[in-house]
Structure formats: C-alpha cells, structure tokens
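To start, the structure itself, in structure tokens.
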Amino acid sequence: MIIDGKTKVCGLIGKPVEHTMSPLIHNTLAEKIGLPLVYVPFLVEEDVITAVQGAWQLNVLGMNITVPYKSDVMAALTECDELAAKIGAVNTLVRTKQGYKGYNTDISGLYRAISSEGIRIENQKVILLGAGGAARAVAYLLASYGAGKVFLMNRSLDKAEKIAAEVNQAFEKELIVPMTLTDYSGLPREKMLCIQATSVGLAPDVDKTVIEDREFYQWVHTGYDLIYRPAKTRFVQLVEENGGVAFHGLKMLLYQAVEAFELWNGVKVEEELALEIYEKMKGEMGIEE
Ligand code: NAP
C-alpha cells in the first residue's frame, strides 16, 4: 500500500487492542477495493472523550470502539443512530461536518451474519442466553426484527428482568420473558433458535458452557454462539450432538466490520469479497471448517 498525502485514517479505540482482527479486515477491504485508507489500533488508557475529540481534529474518517468504551464514548458524539441510542452502546463512529455520529454495527452485523446462514428471526420464538451488554443488544435486535417471543435466560434473574422490562416497554409489547438458567422445563414444547450471549466458554475456559444439561438442547434446532474463540465451543458441540445446527460468532465479527467500512466509505462490499476476507480470518484463527 502506498501512503501519501491523500491517505485517510480509520482506527480502533479500546483497551486492550493488541489481539484485534479489525486491521486485517479493514486494510484488506481497502486494498481489494482500491481505497486510500489505513486502519490502525489505538490503545486509549482512560480518557476516551479527549481521544475522540483529538481524532476528529486529526481528520480521522471513522473509528471502531471496543471494550470498555462502548457506552462511555456516547458523550463525545454529536449524533447517534436511533437503535444504537436505545441500546446505549456504539461500536462505530462516522465522521460528519460537526463531529462523529455513532452506530452499533455489532447488531446490524449480527443480523447480516445470521441472515447469511439462512436463519430467520421474524415471527420466530427465540431463546437468548445471557443478560450482559451483548445479550441486551441482541434483545433489541430481536425486538427490532420482529421476533415472535424471546425467552431470556440468565444466571442473575434480576438482570434478565431489567432487560425484559426495558425492551417490552420500548416496543410496547410483552415480547421478552425473563427466566433463570434452570427454568427451561417451562419453555413451550418446540425446537427454537438459541443465541448464546454469555461469556461462558470463551478461551481459555473452553470446556464450559452456560447450560450443561443435555436435556436443554432438545429445545434447540439452531444454535448461534457469539463467542468465536474457540470456534467449536462446548455450546456448539452440545447443540450439534443433540441434532441441531450450530454457528460460532466469527461472521458477526466480519459483518460488524463490513458494515462500518460501508458507512465510512459510502461503498457496498460485495458478498464474494466479504467471504474472501472471512477465509483470511479463519486462517488467522486456525479454523478449518
Ligand atoms: P458481559 O456484559 O460481561 O455479560 C456476561 C454474561 O455472561 C452475563 O449474562 C453473565 O451472567 C454471564 N455469565 C458470566 N459468567 C457466568 C457463569 N459462570 N455462569 C453463568 N453465567 C455467567 O459480557 P458481554 O459483553 O455481554 O459479552 C458476552 C459474550 O459475547 C462474550 O463472550 C463476547 O466475547 C461475546 N461477543 C462477541 C461478539 C462478536 O463479534 N462475535 C461481539 C460482542 C460480544 P450474570 O448476569 O448472572 O453475571
């Protein structure tokens, strides 16, 4: 890549940023499409607001935001996408004339990832495991894309109840049913999509999952684990062993980046190119399937 006076800069703000795969995705996209853009990681120790203001002054085209700043960064925005504002978390900043506008492409990326696997949400009953930041965003996604019913199961019932109350109020319907992780005998007797959004099973704790009881997996026809390190989580294994189809979260990571890239550059990334980059990501992670 030739870096000259016209090269634009995008980057990732977070702490830590050393293990990110985002530079691989964005720099490959820029190179393949032929855009003069470089993407670099920025470790921000504490003051994310000053960092974002500085980025704007430096003419930085766009930013991704990762842990722990997805909520704190919102105070630095001049505009915010409606769904991202409802979720209370942004992972993408897009440069405007006045400042940065915030978006949540984790969510639009997850929707694109699950759609690309042929998974439908509209009018479906869905089990959602977890009530942390990721699960909360997924709950909004499911409500926004017309899920029929969402059984939100979490270790701490109070957190599941809080998300359910908030989303049900925002969408003015009794969509989300909060439950504990052991309540599944109360689920309707049918197979459903199950989205795993807890942090249980993330490397290095690869031999764990949030519900170990095999009986639970009788309710699951399709499992989607947000975790992608490892690719074959215990959740994915248990879904498959009980006759279901299961996916890991690497495509969610791919498409959140693709959606951010499209927002920054006003281009459409062709599916063929996205999948080419996905192969690179799998290679980087040693995933063979
Ligand atoms: P978080 O806010 O820390 O929430 C953690 C969740 O896991 C909570 O529901 C928590 O339950 C549950 N949990 C933790 N330890 C548990 C245990 N021992 N037993 C039962 N439940 C337990 O984390 P997050 O930000 O939502 O992230 C969740 C996962 O999503 C992470 O693994 C992350 O890697 C993944 N993720 C993937 C992508 C992607 O691009 N693929 C994007 C975002 C996130 P309590 O409420 O009871 O504590």
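Within region 103-138, work out how many residues are within 16 Å of the ligand (Cβ to nearest atom) and under 21 Å from residue 81 (Cβ atoms).
Residues meeting the conditions: 19.
Of all residues in region 139-180 being of a type in the set (Val, Ile, Thr) and open to solvent by 20 Å² or more (accessible area, probe 1.4 Å), which is farthest from the ligand (Cβ to nearest atom)?
Out of the qualifying residues, it is 177.
Please determine whether any residue of region 275-286 is of a type in the set (Lys, Arg) and assigned to a loop (DSSP other than H, G, I, E, B).
no
So residue 25 clears everything in (1) more than 22 Å from residue 262 (Cβ to Cβ); (2) surrounded by 13 or more Cβ atoms within 10 Å (Cβ to Cβ) except one condition, right? Which one?
Only one criterion is unmet by residue 25, namely (1).
Could you please find all residues in region 196-215 being more than 10 Å from the ligand (Cβ to nearest atom) and open to solvent by less than 90 Å² (accessible area, probe 1.4 Å)?
Listed by number, the residues that qualify are 206, 212, 213, 215.
Can you pull out the residues in region 74-112 that are more than 25 Å from residue 145 (Cβ to Cβ) and buried (at least 18 other Cβ atoms within 10 Å of the Cβ)?
Once the filter is applied, which keeps residues that are more than 25 Å from residue 145 (Cβ to Cβ) and buried (at least 18 other Cβ atoms within 10 Å of the Cβ), region 74-112 yields 76, 95, 100.
Output the number of residues of region 216-256 satisfying the condition of being within 12 Å of the ligand (Cβ to nearest atom) and under 16 Å from residue 192 (Cβ atoms).
Count: 4.
Can you report the number of residues in region 104-133 which are closer than 19 Å to residue 171 by Cα and of a type in the set (A, V, I, L, M, F, W, C)?
Of the residues in that region, 6 qualify.
If you go through region 254-261 one residue at a time, do you hit one that is under 16 Å from residue 142 (Cβ atoms), open to solvent by less than 10 Å² (accessible area, probe 1.4 Å) and among the aliphatic types (A, V, I, L, M)?
No, that holds for no residue.
The values are calculated or read from the model by the stated rules, or taken from the named source; none is laboratory data. None of these values were measured; they are calculated from a predicted model. FYI the Cβ positions are ideal-geometry reconstructions off the backbone, even for glycines, and counts take in every protein chain you see. In case anyone asks, the SASA skips ligands and DNA or RNA and just uses the protein heavy atoms, side chains included. Shrake-Rupley method; radii C 1.70, N 1.55, O 1.52, S 1.80 Å.
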